[in-house]
């Protein structure tokens, strides 16, 4: 730059110690150097706006210039600027006497870096071989001041070349940090960390930042369209969110934010969500469980907490009482909003239930306070075609039993025969089409609700079986004989045979499961579904009153073993069809058996 270096000196802090601390302790991610420099520039612009009544708003912006050949990044502002004396104060002295004092001051407080120019500025040495400052103060008669340092304990100062009021910080990138001279990288970092800065941040002619964070406005001043547009811009999603919750509290702590409910469907993947944490509009981190409980990480949104430090650490968050209060507030606000929608617009609540149900259920299972607040507002679709809460189900299906039974089916598309059999007896069934429901049922049963959830294909579902004459010794003996005969015909050690008269003669057989074993398996299948075959071990309940079963028995007695085996296997396949879809080899075998059965009829 041709700057005449008029002064050479040593930093008053232990530089040989402070730079490693800056790089390895205070800052964990190299990307945030740009956040810190832009934040310092914004701070300077705000100060100039306060002290210089003649400055125009259009002249107050931050500019980031890149030189891919020289491998430099320049952060240029038109803020308040600095004199040589101020550079001495904020850069050279760093307001500390030693690196030891530095560590002692910040190890517990994890202070906010914004507003401490020297500290934020030094983050640039994570990526720089050398950094220079060229600054012109707004003060009348001020001369431009220049400073440079290569990260050692020595620096040079002299007269700068800056013509307009403001500051230019030039970073000469290390070889391993050359990616920061690429425009796409810098734009990405500005959008991530500094998107809501109150002044334009330019790269070339493009203004990169959005400037306004919608949560800074009062909820009554924001339209539905503005909420949707903001969501799509921030999260690059073409779909509208289902709805949002606007957070705005000033006491006993300050917090603003918006949580959006995207279409989650049957996915339980916190990696799909994105709750961004901000401090005074500056991005801090994604998805901090200490502030945003894990189940809320399924959502998307932004939360701005001025009291959260920018160089936030996990240990700080885990031990801060205020953080815990903030987390509890967020959980309560989400629960209250859901309850309000349920009570004031039940139709709307039911309309988005399938999209958010797993989020709510996940929250019930993982957060005790959320569970207590929302468990009575869990709803399930019924065989009547509507949605009911557990309490509504119990009121509609009165029972004199101490432990109230709630019958459920895994979906509307399977176990049709079971459902129809229950309907014929006037018993309502709810649908539970996700594995998380098994966990929810277990959770509610353990809460002392005096309820028991029974899947309709459970062996304990007494509504499938006609118990008349079941205790008759002659009937017992006959059934035991039939059991042995069908076990021999089917010849499959993984299948248990039971002979039970069903409450209909139309169904030849049904598959039932041991309730506790099935529930145990289902509760271990989430995230591990490929390792278990739920149908490998099951019970085939054969209905001796059915015409087809009687024909199989007759064929077996006549010695037509092959025909008896074919029809028994076909009956078994038909029962399996109510439990799963046939594909691949299973489908091929089923079609083959079906064709053979048709041949018997020709």
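Since every read-out is calculated from the coordinates, none of them should be taken as a lab result. Keep in mind that this is a model prediction, so the values were computed, not measured. Because the Cβ atoms are built from the backbone with ideal geometry, glycine has one as well, and the counts that use them run over all protein chains shown.
Points 7 angstrom from Cα along the Cβ direction at residue 423 and residue 520: gap in nanometres?
Here the modelled spin labels are 3.5 nm apart.
Give me the Kirkwood hydrodynamic radius of the chain in Å, from all C-alpha pairs, to one decimal place?
About 29.7 Å for the chain.
Which order do the peptides 184-194, 235-245, 217-227 come out in when sorted by mean C-beta neighbours inside 10 angstrom, highest first?
Packing order, densest peptide first, comes out as 184-194, 235-245, 217-227.
Angle check, please: helix 436-446 long axis (alpha carbons) against the longest principal axis of the chain (alpha carbons), in degrees 0 to 90, nearest 10.
Taking Cα atoms only, the helix is inclined about 80 degrees.
Using a 7 Å offset from Cα along Cα-Cβ at residue 447, what residues in region 399-415 end up with backbone N under 20 Å from the label point?
Output list for this probe position: 402-409.
At residue 473 and residue 211, where each label point lies 7 Å from the Cα along Cα→Cβ, what is the point-to-point distance in nanometres?
Placing both labels 7 Å along Cα→Cβ, they lie 9.5 nm apart.
Within the chain, what percent of beta bridges assigned by DSSP are antiparallel, to the nearest 5?
75 percent
Taking the Cβ-Cβ separation of residue 29 and residue 341 as r and a Förster radius of 41 Å, what is the calculated FRET efficiency to the nearest 0.05?
0.60
Taking only Cα atoms, what is the 0 to 90° angle, nearest 10, from helix 547-557's long axis to the longest principal axis of the chain?
Compared with the principal axis, the helix lies near 60 degrees.
Tell me, 254, 541 in order of fewest to most beta-carbon neighbours within 10 Å?
Fewest-to-most Cβ neighbours within 10 Å comes out as 254, 541.
Considering Cα pairs under 8 angstrom that are at least six residues apart, work out the relative contact order of the chain and quote it in whole percent.
9 percent
I need the shape label for region 38-97. Rule: rounded when a/c is under 1.5, else prolate if a/b > b/c, else oblate, with a, b, c from the alpha carbon gyration tensor.
Oblate.
Could I have the simple spin-label model distance between residue 391 and residue 591, label points 7 Å from Cα toward Cβ, reported in nm to one decimal?
5.3 nm
Could you work out how far helix 353-366 tilts from the main Cα principal axis of the chain, as a 0 to 90 degree angle to the nearest 10?
The helix 353-366 is inclined about 80 degrees to the chain.
Apply 1/(1 + (r/R0)^6) to the Cβ-Cβ distance of residue 59 and residue 376, taking R0 = 56 Å, and write down the FRET efficiency to the nearest 0.05.
According to the calculation, E is roughly 0.45.
Which value at 222 nm does the chain reach when only helices count, each DSSP H run of 4 or more adding -39,500 (n - 2.57), with the total divided by all residues and rounded to the nearest 500 deg cm²/dmol?
Taken over the chain, the calculation gives -11500 deg cm²/dmol.
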